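Here the structure is laid out as C-alpha cells; the discussion comes afterwards.
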Amino acid sequence: MSGRRALRLSVDYGQKWPLNDNMLAGPSIPWDEIITADLKTRLLDWATFFRTRANEDTGLFGSEERRRWFQVEGFRLLKELKEQARDRFDFTIDLWF
C-alpha cells in the first residue's frame, strides 16, 4: 500500500466528472493546479460522451466504433492522469460495460 489516495476513473449516468474524488471524504482536489486545462476538458468530454451516447438499458454506444473509442480514450486519459499527477494518487480505471 503506497499511502497515496486511490482514485478511480469511471463514469455513470448523470455523472459529469469522471473521477470519484467528489465521493470521497477529505479536502477537494485542486485539479487546475495538477493537470492541464486540455486534460481536464478531455475528461469532461469523455464523461459527456458516455452520458449522451451510452444506452441506459444496455450500456451500449450504438456502434462498436463508439464503444472502442470510449475504451481507448479512457486508457489514454488514465495514462495522462498518471503522468501529470505523478505520484500524488493511485489511479485505476473501471469500464463496467
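Coordinate-derived values only; no laboratory data. Everything numeric in this text was worked out from a predicted model, so none of it was measured. Every residue, glycine among them, receives a Cβ derived from its backbone with ideal geometry; neighbour counts consider all protein chains shown.
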FRET efficiency for Asp90 and Leu60, Cβ-Cβ distance as r, R0 = 22 Å, nearest 0.05? 0.15
Treating the beta-carbon of each Lys and Arg as +1 and of each Asp and Glu as -1, no other charges, what is the dipole magnitude of the range 22-84 about its Cα centre, to the nearest 20 debye? 140
Mind pulling the angle between the C-alpha long axis of helix 37-53 and the longest principal axis of the chain? Nearest 10 degrees, somewhere in 0 to 90. 30
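Relative contact order (percent) for the chain, with alpha-carbon contacts under 8 angstrom and 6 or more residues of separation?
On the way: 106 pairs, mean separation 39.0, N = 97.
With pairs under 8 Å counted, the relative contact order is 40 percent.
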Using the Cβ atoms and a cut-off under 11 Å, what net charge is assigned to the surroundings of Thr48, where Lys and Arg are +1 and Asp and Glu are -1? +3
Short to long, in 10 Å steps from zero, the percent of alpha-carbon pairs of the range 5-93 per bin is 16, 51, 27, 7
